[in-house]
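All remarks here apply to the structure that follows.
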Ligand SMILES: [Zn+2]
């Protein structure tokens, strides 16, 4: 097996620095607000996952709680209201509504409550937490967490599926090893299904790891009872949906909806697609989500929300807000639609996917 000591390449460093520099420059010069006139829409959905006191402990993953607080302060100072997903949708029908940001947290981490909720309370900012069943009952293949655990705890990783042995005794090499293994799975999500023996060989217990980091049933119930928190659906198994047949997609999403509704004793109206667009194929999943009776569904495509999206809100864009470099500028620029503008090379500010039966929806 080839032995490698992973390094963060100059190209990766440069890309991150350019992105952070562009956000900072656009926001400090006010150009993000000019772009926002066309791309900013009525408001924005922001995406987070875990919260941490230091992203060094998670090899750069998640959002530091200090950054989260700074982002909320900056959004408030920019004149945005913090609203729920339902209120966001309502405001799309109201041209006179104030600009808004709606917070969303994926996967159901304990840190959403332990670290983020006290900050949310200071800003009266609600959030929707999208929870897969497998995260709560500890049956999930949370490969992204297990790869991180490997990188954190091992100085040598025999990454047999990739055909390499990764030497990672330094922080820098661990960070780079995790980035390299994660990117390898994202290239082909079916690779995530074959990592069980790798984790077992290196002593990583998936249920114990998930138990340490994710809310349990009592935690999800308590969270949903809090006035600032709503629980949303995020599939049963958190697999990439494009790997599944239509019946399997409907079962993976529908069973999660029913599980959460039984647990919470109320309808669950919002859904987030695991991994976003790389894991979904066209509008197939959105059709299924609509037929299952959700009020709305969110992707990981950057961009803001526009009134034309309100009629069939099943592929709503959502701005990633957890970046380690220049996080406040990144969130403000993202809320103004800057990353949609850049991703489309200043093309249309939003898409309205054509769904079957769209005319039935009012
Ligand atoms: Zn997820």
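Descriptive notes on the structure:
- For segment 162-173, taking the residues that are touching a helix residue (DSSP H, G or I) at 6+ places or on another chain (Cβ under 8 Å) and assigned to a helix (DSSP H, G or I), the one that is surrounded by the fewest Cβ atoms within 10 Å (Cβ to Cβ) is identified as 171.
Okay, residues lined up against (1) over 16 Å from residue 230 (Cβ atoms); (2) within 16 Å of the ligand (Cβ to nearest atom); (3) free of Cβ contacts under 8 Å to residues at least 24 places away in the same chain:
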residue: 103; (1), (2), (3): no, yes, no
residue: 117; (1), (2), (3): no, no, no
residue: 148; (1), (2), (3): yes, yes, no
residue: 158; (1), (2), (3): yes, no, no
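- In segment 45-67, residue surrounded by the most Cβ atoms within 10 Å (Cβ to Cβ) [restricted to those that are within 14 Å of residue 327 (Cβ to Cβ) and more than 16 Å from the ligand (Cβ to nearest atom)]: 67
- Scanning segment 215-228 for residues that are farther than 11 Å from residue 133 by Cβ, in contact with a strand residue (DSSP E or B) (Cβ under 8 Å, 6 or more places away or on another chain) and outside any loop (DSSP other than H, G, I, E, B) returns 223, 224.
- Evaluation of residue 112 against (1) assigned to a helix (DSSP H, G or I); (2) free of Cβ contacts under 8 Å to residues at least 40 places away in the same chain (one fails), failing number: (2)
- Hey, residue 117 closer than 21 Å to residue 202 by Cβ and either out of contact with any helix residue (DSSP H, G or I) (no Cβ under 6 Å at 6 or more places or on another chain) or modelled with pLDDT of 95 or more (or both) or not: no
- Residue 176 being part of a helix (DSSP H, G or I), in contact with a helix residue (DSSP H, G or I) (Cβ under 6 Å, 6 or more places away or on another chain) and at pLDDT below 95: no
- Among the residues making up segment 336-360, those that are farther than 25 Å from residue 289 by Cβ and either in a loop (DSSP other than H, G, I, E, B) or touching a strand residue (DSSP E or B) at 6+ places or on another chain (Cβ under 7 Å) (or both) are 336, 345, 346, 347.
- On the stretch given as segment 64-79, residues that are touching a helix residue (DSSP H, G or I) at 6+ places or on another chain (Cβ under 7 Å) and either at positive phi or outside any helix (DSSP H, G or I) (or both) total 2.
- Matching residues, segment 273-289, being within 13 Å of the ligand (Cβ to nearest atom) and outside any helix (DSSP H, G or I): 273, 274, 275, 276, 280
- Taken together, the residues in segment 124-146 that are over 29 Å from residue 254 (Cβ atoms) and either in contact with a strand residue (DSSP E or B) (Cβ under 6 Å, 6 or more places away or on another chain) or buried (at least 19 other Cβ atoms within 10 Å of the Cβ) (or both) amount to 1.
- Filter result for residue 197 (away from the ligand (no atom under 16 Å from the Cβ), outside any helix (DSSP H, G or I), out of contact with any strand residue (DSSP E or B) (no Cβ under 6 Å at 6 or more places or on another chain) and at negative phi): no
- Considering residues of segment 255-272 that are closer than 20 Å to residue 88 by Cα and touching a strand residue (DSSP E or B) at 6+ places or on another chain (Cβ under 9 Å) only, the residue farthest from the ligand (Cβ to nearest atom): 269
- Just one residue in the set 318, 295 is within 16 Å of the ligand (Cβ to nearest atom) and within 20 Å of the chain's Cα centre (by Cα); that residue is 318.
- Members of segment 209-218 found to be away from the ligand (no atom under 16 Å from the Cβ) and either closer than 20 Å to residue 297 by Cβ or in contact with a helix residue (DSSP H, G or I) (Cβ under 7 Å, 6 or more places away or on another chain) (or both), listed by number: 216, 217
- Checking each residue in segment 229-250 for being crowded, with 17+ Cβ neighbours inside 10 Å and either part of a strand (DSSP E or B) or more than 16 Å from the ligand (Cβ to nearest atom) (or both) picks out 229, 230, 231, 232, 233, 250.
- Taking residues in segment 32-60 that are within 16 Å of residue 144 (Cβ to Cβ), and partners anywhere that are away from the ligand (no atom under 16 Å from the Cβ) and part of a loop (DSSP other than H, G, I, E, B), the pairs with Cβ atoms closer than 8 Å and at least 6 places apart or on different chains are 55/324; 60/324.
The values are calculated or read from the model by the stated rules, or taken from the named source; none is laboratory data. Only a predicted model underlies this, so the values are computations on that prediction, with no experimental measurement involved. No Cβ is skipped: glycine too gets one built from the backbone with ideal geometry, and neighbour counts run over all protein chains shown.
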